[in-house]
Each structure stands twice: as C-alpha cells, then as structure tokens.
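Novice: Let me begin by handing over the structure; questions about it come next.
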Amino acid sequence: MSIIRNAATAAVLGMAFVGASVTANAADYTLRIQTHLSAESLNGKNAQQFADDVERMSGGRIDIEMFYSSSVVKSTETFDAAANGVLDGDMTGGAYQTGKNPAFQFVGDIMGGYDTPWQQYSWLYYGGGMEAAQKLYNSYGMQLIGWWIPGQESLSSSKPLPGPDALKDWKFRSPPGLETEIFAELGASPIVMDFGEVFSALETKIIDGADASNITTNDSIGIYDLVKHTTYPGFHSMPSDHLAINKDVWDDLPDDLKAIVEVAMEKLSFRNSLSFQVEMGKSATQLQKEGVILYNWSEKDREAFRTFAQKKWQEWGDKTPEARSLVDSHVSFMKEIGLLK
C-alpha cells in the first residue's frame, strides 16, 4: 500500500510540476506579425532575431509569431489586417499605404532625400519625425514602433548610367507612385510592374533596366547575370520598412514590455543597416570582378536628382494635410543637417 500511495503521490506531484512549468512558460501576450520578406533572406533572419530578443528580454512574457513572405495576407493588405485584428503587427513598409493617404510615401520612401540610413533614422528619432509620423499612424488605428532600413537601392541597366543625362528615354521597371513621376520628369520611360516580373522582363528585353532593390538583393535574384551596369552606392531610393502594431494591442501592453519592444526594434534597425552595409560592400566588390560596372554619381548629379525630387515632394505634400506636415518636417531637418540649402 505504501508503495502504491507513494507512486500515486509522485504522479500527482509530477503532474503539478508539469502544470507549473507550462504556466511559467506561457506568454502573457502574443504578437502576430507579418513581413513580406522571406525567412531565409538577411532581412528575414534579422526579423527573427528581433522576435527572439523580445521573448528573451521579456522573460517569455511576450511571444512573437512571425509570418514570412506575406503568408497570411498580401503585402499591401498587412497594415489593414493588423489594424482590423487579423494580425497584431505589420512589418512591411509605409509606402504600401499611399493609396490610403499620400503622406505614407514620406514614411516609406522619401525618394532622393537622405544619403544614409543614419540620416534617415536621425529624422525619426531626433528631427521630430516620430511625433509627426505617429499622428498619421494613430489616425488609422496603428502605432509606429520604428524603422529598419537596409540602405540605398541600386538601379540596374543594360546600358551605362554615369549620370542624369543617361536617363533620357531609359526604359526601366519602376514601382508606382512618386518614383515614376520623378523619373518621368528626368526624361526616363518608367514602366510599372511587379517585382517578380523584373527578371523575365530584362531577359526578354522588354525593359533596359530596373529599380528592383539594393545591390545584394539584385545579385541574389540574378539581375547581374543579364545586365552589367548598376549605380552604387545608390542615391535615388532608400525604403524604410516599419514595425507598426495595432494601437489597442499596443496600449494594452505594460510600460516595461513596451520599452522592451522599442529597444529590440532599435537593435533591429542598427543591426539590419550594418549587416546590409557589409553585404552590399561584398556584393559590389565581387560584381566588379565579374565585369559589372558600378556608377557612383557625383554630388552635383545627386543634387540634380534631389532638385527634381523636391518638386514632386511639394506636389505630393499638397495632397493632404498629413503629407504636408511630413514633407515640411523632412525639408526642415534636411536643411538643419546641410542636405538642402
């Protein structure tokens, strides 16, 4: 009887310990976040590190479920899915939401604005950018947590691209919106098409070149097997991907957990920009060995592009009060740091 009783007691205690362990490991909060990037990409690996950092620093109180490659909803629908509670967080980019409000262009891709990720982060954290952007996000039921910026994108071409004059009649893939308008003003012939169509369009010579992504990503999808000219370092486009969380979900988090998410996001920003700086440098070095010609536009040429871009910033700024607020904020800060006169 004693043996049976002891065995039963041990079993009950064992179950209690299992239950206690499960309770101790159960998260108080779960954040379901989608990114358009793949888990295997450098961005995707950095995003997973962010999730791991939050879980570790919170002692398991926050569990982050990452959904990669827009596996729940389309990339352009991620923001609304988070705002409506299908997801909790959006890790795509503000530029996807310009149809909602043109102001999102200026938290997604300023086009011809900042030279480095660090300048762009500086506007967000020290130039009044977060406060201005937060009003926009909050009006759509979302909370902007931060940005992660790989760096300048590179134009790829079957023809030389030594400066602005080379853009005349240059037929290239462009994303829709502000960029298309700027390049058209410069005499180029932008053709809007999906990112996934770029390789075949270059292969069949439907286009002469493409604004696809940064030099490392361009290389990874085989663009430089087809064309041998590219701008590097880039100058025209430096998209900011964001982390935006449903505002009700965010407001429900205790202050200490909010701080953990914010700090982890700043680490992601720092590490993502640094890791891409390294990888883009490696790509540029290797591609030159393979015969790809790199064009580093002069300060004068960059200024010419920025002058055209500024005209379009102002036109877009007139579309909504929110867009005007963000454009004015960027211009004021760029003047403070000497990017604009």
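Novice: For PHE270, only one of the following conditions fails: (1) under 16 Å from the mean Cα position of the chain (by Cα); (2) part of a helix (DSSP H, G or I); (3) in contact (Cβ under 8 Å) with a residue 40 or more places away in the chain. What is its number?
Specialist: Result: PHE270 fails condition (3) only.
Novice: Kindly indicate which of VAL107, VAL86, VAL72 is β-branched (Val, Ile, Thr) and closer than 27 Å to LEU274 by Cβ.
Specialist: Just one listed residue meets the conditions, VAL107.
Novice: With respect to GLU197, determine if the residue is touching a residue at least 60 places away in the same chain (Cβ under 8 Å), of a type outside the set (S, T, N, Q), open to solvent by 60 Å² or more (accessible area, probe 1.4 Å) and out of contact with any Gly (no Cβ under 8 Å at 6 or more places or on another chain).
Specialist: No: the conditions fail for GLU197.
Novice: With the requirement that a residue be in a loop (DSSP other than H, G, I, E, B) and either within 22 Å of THR116 (Cα to Cα) or touching a Ser or Thr at 6+ places or on another chain (Cβ under 8 Å) (or both), what does the stretch 276-331 give you?
Specialist: The answer is VAL292, ASN296, TRP297, SER298.
Novice: Let me ask you something else. Which numbered condition in (1) crowded, with 18+ Cβ neighbours inside 10 Å; (2) modelled with pLDDT under 95 is the only one that ALA132 fails?
Specialist: (2)
Novice: Return the only residue of SER189, SER213, SER174 being surrounded by 14 or more Cβ atoms within 10 Å (Cβ to Cβ) and modelled with pLDDT of 95 or more.
Specialist: Working: SER213 fails: modelled with pLDDT of 95 or more; SER174 fails: modelled with pLDDT of 95 or more.
None of the others qualify; the one that does is SER189.
Novice: Scan the stretch 310-320 and tell me whether some residue there is surrounded by fewer than 17 Cβ atoms within 10 Å (Cβ to Cβ), more than 23 Å from THR98 (Cβ to Cβ) and over 21 Å from the mean Cα position of the chain (by Cα).
Specialist: No, because not a single residue in the stretch 310-320 is surrounded by fewer than 17 Cβ atoms within 10 Å (Cβ to Cβ), more than 23 Å from THR98 (Cβ to Cβ) and over 21 Å from the mean Cα position of the chain (by Cα).
Novice: Quick check on the stretch 281-304. Is at least one of its residues within 26 Å of ASN101 (Cβ to Cβ) and of a type in the set (D, E, K, R)?
Specialist: no
Novice: Same structure again: Report, by residue number, each residue of the stretch 255-267 that is more than 18 Å from TYR125 (Cβ to Cβ) and either open to solvent by 40 Å² or more (accessible area, probe 1.4 Å) or under 22 Å from the mean Cα position of the chain (by Cα) (or both).
Specialist: ASP255, ASP256
Novice: Ok, one more. When you check SER156 against the structure, is it open to solvent by less than 10 Å² (accessible area, probe 1.4 Å), in contact with a helix residue (DSSP H, G or I) (Cβ under 6 Å, 6 or more places away or on another chain) and in contact (Cβ under 8 Å) with a residue 60 or more places away in the chain, yes or no?
Specialist: yes
Novice: Any chance the stretch 246-269 includes a residue that's in contact with a Lys or Arg (Cβ under 8 Å, 6 or more places away or on another chain) and more than 26 Å from THR78 (Cα to Cα)?
Specialist: No, every residue in the stretch 246-269 fails to be in contact with a Lys or Arg (Cβ under 8 Å, 6 or more places away or on another chain) and more than 26 Å from THR78 (Cα to Cα).
Novice: A further question follows. Restricting the search to the stretch 105-123, which residues are hydrophobic (A, V, I, L, M, F, W, C), over 23 Å from MET66 (Cβ atoms) and open to solvent by less than 10 Å² (accessible area, probe 1.4 Å)?
Specialist: PHE106, ILE110, MET111, TRP123
Novice: Now, a different point. Going by what's in this entry, would THR180 be described as of a type outside the set (A, V, I, L, M, F, W, C), within 26 Å of SER325 (Cβ to Cβ) and buried (at least 24 other Cβ atoms within 10 Å of the Cβ)?
Specialist: no
Yes/no matrix, rows are residues, columns are (1) more than 22 Å from GLU322 (Cβ to Cβ); (2) at pLDDT 95 or above; (3) crowded, with 20+ Cβ neighbours inside 10 Å:
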| residue | (1), (2), (3) |
| --- | --- |
| ASP52 | yes, yes, no |
| MET57 | yes, yes, no |
| GLY60 | yes, yes, no |
| SER69 | yes, no, no |
| THR78 | no, yes, yes |
| ALA82 | no, yes, yes |
| LEU87 | yes, yes, yes |
| LYS100 | no, yes, no |
| ALA103 | no, yes, yes |
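Novice: Just one of the numbered conditions (1) crowded, with 19+ Cβ neighbours inside 10 Å; (2) over 25 Å from ALA188 (Cα atoms); (3) touching a strand residue (DSSP E or B) at 6+ places or on another chain (Cβ under 9 Å); (4) polar (S, T, N, Q) is not true of SER240; which one?
Specialist: Going through (1) crowded, with 19+ Cβ neighbours inside 10 Å; (2) over 25 Å from ALA188 (Cα atoms); (3) touching a strand residue (DSSP E or B) at 6+ places or on another chain (Cβ under 9 Å); (4) polar (S, T, N, Q) one by one, SER240 breaks only (2).
The values are calculated or read from the model by the stated rules, or taken from the named source; none is laboratory data. Because the structure is a prediction, the values reported are computed rather than measured. Backbone-built Cβ (ideal geometry, glycine too); neighbour counts: all protein chains shown. When the accessible area is computed, the model is the full protein with side chains, heavy atoms only, and any ligands, DNA or RNA have been set aside. Shrake-Rupley method; radii C 1.70, N 1.55, O 1.52, S 1.80 Å.
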